[in-house]
Amino acid sequence: MTNIEDVILNQLTKTTKRFYAFIGALLVMVAWGAFAWSIQLTRGLAVTGMNIPVYWGVYISNFVFLIGISHAGIAISAAVRLLRLELYRPLTRMAELLTIISLMLAAMNIVFDLGRPDRVLNMVFFADLSSPLVWDFISVSTYFILSTAYLFLGMREDLSRLADRLPGRRWLYKALSAGWSGSEQQRFGQERVLRWMAIIILPVMVSVHTTVAWIFGLQIAKPIWHESGLGPYFVTGAIVSGISMVTVIAWILRRLLGWGKFFTLEIFRGLGNFLRAVLLIYAYFMIAEQVTIRYGGESASLEVLEFYSTGAYAPYFWSFVILGTVIPFLILCIPRTRSIGGIVLASILVTVFMWVKRVIIIIPALMHPVLPPGIGMSTGIYAPTWVEWSILGGSYALGALLYTIFMKFFPIIDLEIGK
């Protein structure tokens with residue numbers, strides 16, 4: 001093996017005390033989240049802050065955020081394969097894994113929000129194809145299956161090589177390599193399949209967040225949501241949060257594992273340039289929304305906009321505008337701050353405050369429903385309880401646990417790079 005291969009495989013064979021301590025901490029967090037969920041299952045959704053009219057809370061906000069995070073993985077991997085962007089090849093597998101785990105956690109948040117997990121089966125046995133909820137279920141399921149198959153097919157050669165290098169796990173890698181022989185015919189066939197999958201996955205990826213937007217936009221009596229541009233707005237926000245999350249994970253791997261030779265300054269600057277461009281597009285959508293509602297929107301939509309721009313939610317909204325949009329954009333524009341540290345700082349700010357933006361999109365609109373004439377306006381309230389925060393924290397800990405375990409058994413970077 002070359003030195004680069006040694007560095008990659010060292011992560012699979014060397015285990016430190018810090019690794020076990022980290023796993024232990026994650027398990028404690030997962031256990032606490034499971035405990036909180038058991039309370040919700042036994043006592044019902046009354047232990048959450050959700051009510052009427054605020055029937056969606058941080059669970060659905062988190063679902064939308066995680067669906068957005070999932071966009072970056074396959075988008076990066078497909079772009080590298082289709083456009084032959086070899087510089088970014090070290091990002092592909094870690095980004096693909098992020099997609100799969102994000103989709104799993106997103107689905108879990110839907111289960112949390114239902115209160116009764118058994119009702120998920122209604123989407124299978126009593127599906128109404130005219131419902132946007134069913135469209136979303138189909139698109140997310142398709143996206144998950146294609147993404148998992150894409151990751152698996154791309155790993156077959158590495159798994160076959162690991163079977164020879166790590167005899168103790170030979171049975172596992174041999175089985176998962178699914179008869180990989182490395183012949184030219186096999187390589188050609190697999191590369192062709194992966195290229196076609198990359199082409200197919202991209203529109204599926206766009207459809208996922210578009211259908212999520214339609215779940216909101218096609219509802220009546222919900223101000224601000226009922227906008228034709230909500231789909232592109234959601235897709236753009238998904239790309240922004242996904243790219244920023246990939247940047248953060250790449251930096252974590254670079255720092256913890258000393259993989260500066262893989263995740264180079266050029267890679268971070270490329271991600272930063274792309275994030276800057278998409279962030280500008282997202283700002284355009286946000287400004288267009290403000291102008292449209294303020295000058296020609298319905299009174300109910302204007303009321304919600306005023307509520308989160310000058311009312312109770314103003315601190316969250318302006319924190320997002322300043323810390324989640326303006327400052328990251330400036331950091332990514334100024335040459336002096338476009339170092340790895342600056343790009344990562346901008347990405348962290350974007351990731352955190354894009355989550356806040358999901359809350360702003362969902363909860364204020366539910367707090368100000370539009371009711372028929374004569375009934376008047378009924379303003380709701382919402383404050384997440386410790387049960388909700390504990391379940392969310394446990395789910396994120398589970399995601400980190402799955403990511404860490406994967407890295408302990410499979411190379412997170414393509415071994416082909418080491419050739």
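Taken together, the values in this text are just the output of simple stated rules run on the coordinates, not laboratory data. Keep in mind it's a predicted model, so treat the numbers as computed, not measured. In this analysis, Cβ positions are derived from the backbone assuming ideal geometry, glycine residues included, and neighbour counts consider all displayed protein chains.
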**Report entry** the chain, helix-only ellipticity at 222 nm - DSSP H runs n ≥ 4, -39,500 (n - 2.57), divided by all residues, nearest 500
**Finding:** -25000 deg cm²/dmol
Query raised in the report: In degrees between 0 and 90, to the nearest 10, how far off the longest principal axis of the chain does helix 17-43 point, with axes built from Cα atoms?
Result: 30
Query raised in the report: What full-extension length gain, to one decimal in nm, is calculated for Tyr295 and Trp386 as 0.36 nm per residue of separation minus the Cα-Cα distance?
Result: 28.8 nm
Report task. With a point put 7 Å past each Cα toward its Cβ, work out how far Ala175 is from Ala312 in nm, to one decimal. Result -> 5.4
Query raised in the report: Relative to the present Cα-Cα distance, how much length would full extension add between Ile39 and Glu191 at 0.36 nm per residue of separation?
Result: 49.9 nm
Query raised in the report: Tell me, what does the Kirkwood hydrodynamic radius of segment 262-345 come to in angstroms if you use every pair of distinct C-alpha atoms?
Result: 14.5
Query raised in the report: What FRET efficiency would be calculated for the residue pair Leu323, Ser183, taking the C-beta separation as r and a Förster radius of 41 Å, to the nearest 0.05?
Result: 0.15
Query - R0 of 30 Å, Cβ-Cβ distance Ile287-Ala79: FRET efficiency to nearest 0.05 - result: 0.60
Query - Amide N of segment 50-94 lying under 19 Å from the label point, which is placed 7 angstrom from the Cα of Thr264 along Cα→Cβ - result: 77, 80-81, 83-94
Query raised in the report: Taking Cα atoms, how many degrees apart are the long axis of helix 132-165 and the longest axis of the chain, rounded to 10 and kept between 0 and 90?
Result: 20
Query - Degrees between helix 184-217 axis and first principal axis of the chain (Cα, 0 to 90, nearest 10) - result: 10
Query raised in the report: Any idea how far the Cα center of segment 314-329 sits from the one of segment 150-210, in Å?
Result: 41
Query raised in the report: Between Phe126 and Arg18, what FRET efficiency comes out of the Förster formula 1/(1 + (r/R0)^6) with R0 = 51 Å and r the beta carbon distance, rounded to 0.05?
Result: 0.55
Query raised in the report: Once Rg and Dmax of the Cα atoms in Å is worked out from the coordinates, which option in (1) 20.6, 68; (2) 21.6, 65; (3) 22.5, 77 does it equal?
Result: (3)
Report summary line: Ala46 and Asp6 label points (each 7 Å along its Cα→Cβ direction) are spaced in nm at 6.5
Requested in this report: Check the straight Cα-Cα distances from Lys174 and name the lysines below 20 Å, setting aside those fewer than 8 residues away within the same chain.
Outcome: Lys408
Report task. Mind running the shape call on segment 171-223? Use the C-alpha gyration tensor, a ≥ b ≥ c as the square roots of the eigenvalues: rounded below 1.5 for a/c, prolate if a/b tops b/c, oblate otherwise. Result -> oblate
Query - Estimated dipole of segment 244-338 in Debye, rounded to 20 [Cβ of Lys and Arg +1, of Asp and Glu -1, Cα centre] - result: 800
**Report entry** Relative contact order [Cα under 8 Å, 6+ residues apart], the chain, whole percent
**Finding:** 31
**Report entry** Over segment 144-200, relative contact order from alpha-carbon pairs under 8 Å, at least 6 apart, %
**Finding:** 36
Report task. Would you list which lysines come within 28 Å of Lys222, measuring only between C-alpha atoms, while excluding same-chain residues fewer than 8 positions from it? Result -> Lys357
Query raised in the report: Which one of Ile110, Gln186, Leu332 is farthest out on the positive end of the charge dipole of the chain, using unit charges on Cβ (Lys, Arg +1; Asp, Glu -1) and the Cα centre as origin?
Result: Gln186
Report task. Might you report the magnitude of the Cβ-based charge dipole of the chain about its Cα centre, with Lys and Arg at +1 and Asp and Glu at -1, to the nearest 20 debye? Result -> 1380
Report summary line: Long-range amide H partners of Trp180, meaning residues 5 or more apart or on another chain whose placed amide H is closer than 5 Å, are none
